[in-house]
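The values are calculated or read from the model by the stated rules, or taken from the named source; none is laboratory data. In this text, all values refer to a predicted model and were calculated from it rather than measured experimentally. Reconstructed Cβ throughout: ideal geometry from the backbone, glycine too, with neighbour counts over all protein chains shown. Accessible surface areas use protein heavy atoms only, side chains included; no ligands, DNA or RNA. Shrake-Rupley method; radii C 1.70, N 1.55, O 1.52, S 1.80 Å.
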Amino acid sequence: MSRTETTQGLTISAPISSDRWLTGVTMGFLLAVLIFFMLYPVYDICKLSFFRGEKLTLENYISYFTNPRMFRSLTNSLIVSGATTVITTILAFFFAYGLTRTTIPGKGIFYTISTLPLIAPSIIQGLALILLFGKNGLFTRYLLHTDWNIYGATGIIVAECLYCFPNALFILYTTLSAVDTRLDEAAQSLGASALKTFYKVTLPSAKYGIASAAALVFNLTITDFGVPVVIGGNYNVLATEIYQQVIGMQRFNLGATISVILLIPSVAAFLLNYYLTKKSYALISGQARPFLQPSRPFKKWAFTIYCWIPCTFILIVFATVFLGSFVKVWPYDFSLTLKHYNFPSLGGVAPLWTKFWASFLKGEWQAIIAYKYAPIWNSLWISIFVAVGGACLTLLAGYIVEKKKPKGEQVLYTLSVLPAAIPGIVMGLGYILAFNKPYFFIYGTFWIVIINIIICNFTLGVLSSIANLKQIDKSIEEAAVSLGANPITTFARVVFPLTKTAFFSNMTFFFMRAMTTISAVIFLVSAKVKLAAIEIVFLDIDGRTASANAMCTIIILIVVGMLVAMRLITGRTALKGMSATT
Amino acid sequence: MGRNLRLENLTKKFGTLTAVDHVDLEIEEGEFICFLGPSGCGKTTVLRMITGFETVTEGKVIFDGRVINNLIPQKREFGIVFQSYALFPNMTVEENIAFGLKVRKMPKKEVAERVDQMLDLIGLRDWRKLYPAQLSGGQQQRVALVRALAPNPQVLLLDEPLSALDAKIRVRLRAEVKRLQQELKKTMIYVTHDQEEALSIADRVVVMEAGQFRQVGKPIEIYQCPNSSFVADFVGTSNFFKGSRYEDRVKTGKREFKISQSGPPTEGEVFLAIRPEKIEVFKEGTLPSALEPSNVISGKIDVVTFLGAAVRLTINIDGEELISDIIEKEFAQRQLKQGEKVLLYFPPEAFIVYPMTQREGIS
Ligand SMILES: Nc1ncnc2c1ncn2[C@@H]1O[C@H](COP(=O)(O)OP(=O)(O)O)[C@@H](O)[C@H]1O
Ligand SMILES: [Mg+2]
């Protein structure tokens with residue numbers, strides 16, 4: 001062995017590597033954003049609920065729990081969320097089973113239809129149910145002439161089931177297509193009956209997936225605002241009660257208190273979902289799925305019919321709202337009209353847009369295009385900013401967490417996945433409390449709305465970025481570095497092109513969320529900043545249901561336009577594997 | 001003295017695990033060095049410390065007289081070839097090769113010339129517009145090789161570059177690597193766990209085990225004079241006997257071999273190692289008379305495996321298995337068959353003796 005003497009050679013001192021410097025700065029920036037725009041508002045809510053002035057007190061909680069009407073919002077929330085969770089999970093499970101374990105025809109159509117609720121605000125389910133089963137519903141008033149209507153718990157549960165269906169389906173579909181079907185075949189070849197195989201093999205092997213889908217549905221339902229606000233009637237739930245207390249009665253302290261109460265089940269469901277998803281993925285084997293045996297005719301027919309049931313409901317919802325926006329007086333006069341698209345004067349302007357159209361349009365047209373459509377234009381602009389900003393930030397966060405792994409990376413990861421645990425309505429209230437201050441110049445502008453939507457949907461963006469970056473071999477990046485590329489070149493020329501698909505699908509996701517979200521931003525709109533999705537709520541509250549339908553239809557068309565554009569750009573369906581949280 | 005690369009007392013610890021354990025080595029400019037060792041022995045870790053992707057726990061990496069421990073990877077100008085090829089899937093062959101040149105802001109015309117030159121080196125001119133996914137594994141690795149060579153690195157490091165390829169292509173490509181190395185006179189450090197590969201291409205081989213360098217030497221030295229029973233076992237195939245030595249005799253079981261190695265250990269418990277091709281095999285009754293009688297043992301041929309030009313015999317001697325390789329011609333001439341009783345001759349000078357303490361438990 002050649003043992004050499006110690007060299008006297010000169011040591012090259014470490015230049016602060018630009019790589020570590022950049023990583024540090026980026027991580028610091030992301031941490032600052034998450035702490036300031038997520039933790040700080042939540043902290044303000046907690047503070048307001050526990051303090052009166054400087055004094056720690058439980059006063060707010062006592063008044064909540066001693067007021068029967070307010071307290072009922074908690075039990076109501078638990079009842080509707082519990083019922084929705086059970087029903088949706090069961091429905092979606094068998095639907096996923098049909099898509100993954102049987103050889104029914106038309107799986108693609110079923111899958112596509114079942115994802116439709118994601119492209120619309122949750123409120124659409126409520127609007128459709130009201131048109132069909134409300135006081136002036138097509139069925140209730142026109143066909144059956146009954147006084148029964150769907151307002152209240154029933155309506156909320158039915159609407160939430162439809163809204164949560166695709167979210168539960170994604171998880172169950174992944175679970176069931178990953179679990180090795182050879183287990184089932186092995187059991188059957190050992191003589192177990194089909195039913196016994198299902199109970200003893202299929203169900204247990206999917207148990208984490210089922211539980212995690214259930215937790216997600218619970219979380220989505222208990223935090224939703226759009227559905228209960230239109231169809232709840234007098235049936236108050238936590239999310240609507242927060243809104244009532246704050247906007248109706250200016251009782252911010254009670255709003256904050258209810259927010260904290262809502263945070264508990266929502267965070268618990270989120271943690272459960274997160275934990276179970278990890279467990280469920282750990283069970284997934286990387287093996288290719290063996291060929292599916294052709295199902296027996298009875299099974300095939302039964303599942304085909306079964307799968308059409310939720311799909312039919314979803315199609316009816318969309319068709320109803322669409323139609324409802326074009327008929328004169330639902331359900332009495334079905335002659336077609338465009339007048340509901342001439343919204344009542346909503347007030348508000350959109351920068352650039354209003355000026356541009358007002359400069360050459362006159363009279364009625366000027367009012368419609370330049371002013372009445374301003375909220376739509378605002379929503380579109382905001383959604384584009386959210387799409388680009390959200391996709392960039394979550395890609396950066398994912399890149400740092402997955403590839404750079406600097407010290408404190410765990411903190412960044414935890415803060416990045418946390419937003420999904422915080423209900424949008426709570427975050428919205430937190431923003432008022434934290435940022436409605438004269439020196440905070442972006443409050444009351446578009447920017448606060450953009451930031452809010454990005455933060456509220458950060459989790460899914462980061463998780464999908466991480467999943468995608470995991471697939472890039474570490475040595476590809478090292479190859480670039482060893483060839484002399486600096487960190488920015490490496491990222492721009494090598495890493496980014498390889499994550500482009502995930503980036504575009506994240507953009508689509510953020511865009512959809514920005515167009516359709518209600519709960520997060522309802523506290524942030526003002527006379528100056530108006531949003532299309534929020535206008536649906538206000539139009540509905542004003543009793544202008546048909547115009548609410550029209551606004552909803554416009555939002556859906558914009559989202560569909562975006563999906564088509566993305567499909568043309570990337571050649572892929574962006575909706576696959578995407579689900580909404582919060 | 002050229003631009004030598006020197007490792008001094010180099011050590012890497014991952015927590016409590018010492019992946020690389022105080023190793024020293026001097027690599028001359030233009031030398032072709034192979035790191036050879038079983039998986040997990042720390043080869044990649046040594047390489048990554050040289051390239052700067054892994055920090056050094058203790059010791060120094062010295063290049064051209066300068067300690068470069070803290071130099072960032074892109075400043076080291078060392079080329080790397082990865083086992084997984086690591087070609088950029090979003091770029092064509094041409095763009096892959098040009099990448100290292102463009103980031104150095106080389107003028108366009110020179111880049112084009114250099115890319116042509118590189119493509120000619122591997123005879124892949126026609127493939128320049130293809131994407132990596134359209135190439136076979138062997139072609140991809142060729143591209144990876146010239147991509148790393150294009151910016152004219154000071155040292156080229158290759159981490160098991162061929163182990164993802166199938167046997168035939170592996171042999172062809174390793175000849176190509178050797179040819180390139182000789183043509184370009186580039187310092188190359190080549191990591192492999194395949195002893196045949198290491199012996200056939202390296203100027204010097206470093207045999208690693210458990211984070212340490214067990215032996216450094218020319219391939220022929222390593223093969224013929226392994227300095228430990230580990231090296232004897234890992235490099236090539238060896239038969240081992242446990243025994244105790246006194247003077248030129250080693251007693252093993254009820255047998256006693258005469259040996260001619262005079263060096264240490266001269267007495268006490270030892271291992272005897274002998275290469276399979278050194279053992280001579282005769283049919284009963286055909287034994288030449290001049291042979292040392294104590295070094296002849298009788299056995300039975302259990303298995304016959306054809307290796308091409310040679311034949312590997314697994315021979316049972318009193319329940320123990322032993323491997324002997326003889327050339328195919330001799331196998332035929334001596335009319336050996338499976339199940340046949342044979343006499344084995346162990347030439348005294350073919351035995352290598354190791355102290356027992358080095359490695360326990362080899363039978
Ligand atoms: N980043 C790391 N963290 C912890 N242990 C590591 C890391 N990299 C390598 N090791 C360990 O160091 C040892 C040597 O690894 P490696 O250099 O990759 O071996 P080889 O390339 O010879 O197969 C192994 O035991 C491996 O598990
Ligand atoms: Mg290795």
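Quick look at the values:
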| item | result |
| --- | --- |
| Test: residue in region B:135-147 that is within 14 Å of chain A (Cβ to nearest Cβ), of a type outside the set (Lys, Arg), open to solvent by 30 Å² or more (accessible area, probe 1.4 Å) and without any contact (Cβ under 8 Å) to a residue 40 or more places away in the chain | no |
| Some residue of region A:453-468 being touching a Lys or Arg at 6+ places or on another chain (Cβ under 7 Å) and more than 14 Å from chain B (Cβ to nearest Cβ) | yes |
| Filtered residue count, region B:15-71, keeping only those that are assigned to a loop (DSSP other than H, G, I, E, B), more than 9 Å from chain A (Cβ to nearest Cβ), within 16 Å of ligand 2 (Cβ to nearest atom) and not acidic (Asp, Glu) | 6 |
| Hey, residue B:310 closer than 26 Å to residue B:231 by Cβ and open to solvent by less than 80 Å² (accessible area, probe 1.4 Å) or not | yes |
| Lone qualifier among A:501, A:553, A:517, A:489 - being of a type in the set (S, T, N, Q), open to solvent by 10 Å² or more (accessible area, probe 1.4 Å) and more than 14 Å from chain B (Cβ to nearest Cβ) | A:517 |
| Answer from B:63, B:32 - the residue that is at negative phi and either open to solvent by 10 Å² or more (accessible area, probe 1.4 Å) or within 15 Å of ligand 1 (Cβ to nearest atom) (or both) | B:63 |
| Residue satisfying all of: in region B:36-54; under 18 Å from residue A:481 (Cβ atoms) and near ligand 1 (Cβ under 6 Å from one of its atoms); nearest to the chain's Cα centre (by Cα) among these | B:44 |
| Region B:73-93: number of residues that are assigned to a helix (DSSP H, G or I) and either of a type in the set (Gly, Ala, Ser) or over 18 Å from residue A:489 (Cα atoms) (or both) | 1 |
| Any hit, region B:1-13, residues being within 10 Å of ligand 1 (Cβ to nearest atom), crowded, with 22+ Cβ neighbours inside 10 Å and among the hydrophobic types (A, V, I, L, M, F, W, C) | no |
| Residues of region A:469-485 classified as more than 14 Å from every other protein chain (Cβ to nearest Cβ) and touching a Gly at 6+ places or on another chain (Cβ under 6 Å), total | 1 |
| Cβ pairs under 6 Å, 6+ apart, first in region B:34-45 and charged (D, E, K, R), second more than 8 Å from ligand 2 (Cβ to nearest atom) and open to solvent by less than 10 Å² (accessible area, probe 1.4 Å) | B:43/B:35; B:43/B:37; B:43/B:208 |
| Candidates A:439, A:443, filtered to the one that is away from chain B (no Cβ under 14 Å), at pLDDT below 90 and either surrounded by 18 or more Cβ atoms within 10 Å (Cβ to Cβ) or within 26 Å of the chain's Cα centre (by Cα) (or both) | A:443 |
| Selection from region B:77-88 of residues that are buried (at least 23 other Cβ atoms within 10 Å of the Cβ) and more than 7 Å from chain A (Cβ to nearest Cβ) | B:81, B:85, B:87 |
| Test: residue in region B:115-125 that is within 16 Å of ligand 2 (Cβ to nearest atom) and either open to solvent by less than 20 Å² (accessible area, probe 1.4 Å) or touching a Ser or Thr at 6+ places or on another chain (Cβ under 9 Å) (or both) | no |
| Helices (runs of 4 or more DSSP H) wholly inside region B:189-256 that include at least 2 residues being within 16 Å of ligand 2 (Cβ to nearest atom) and open to solvent by less than 60 Å² (accessible area, probe 1.4 Å) | B:195-201 |
| Pairs with Cβ under 9 Å, 6+ apart, first in region A:503-521 and free of Cβ contacts under 8 Å to residues at least 60 places away in the same chain, second outside any helix (DSSP H, G or I) and buried (at least 24 other Cβ atoms within 10 Å of the Cβ) | none |
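Let's see how each residue does on (1) in a helix (DSSP H, G or I); (2) at pLDDT 90 or above; (3) surrounded by fewer than 18 Cβ atoms within 10 Å (Cβ to Cβ):
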residue: A:175; (1), (2), (3): yes, no, no
residue: A:182; (1), (2), (3): yes, no, yes
residue: A:186; (1), (2), (3): yes, no, yes
residue: A:195; (1), (2), (3): yes, no, yes
residue: A:198; (1), (2), (3): yes, no, yes
residue: A:201; (1), (2), (3): yes, no, no
residue: A:208; (1), (2), (3): yes, no, no
residue: A:214; (1), (2), (3): yes, yes, no
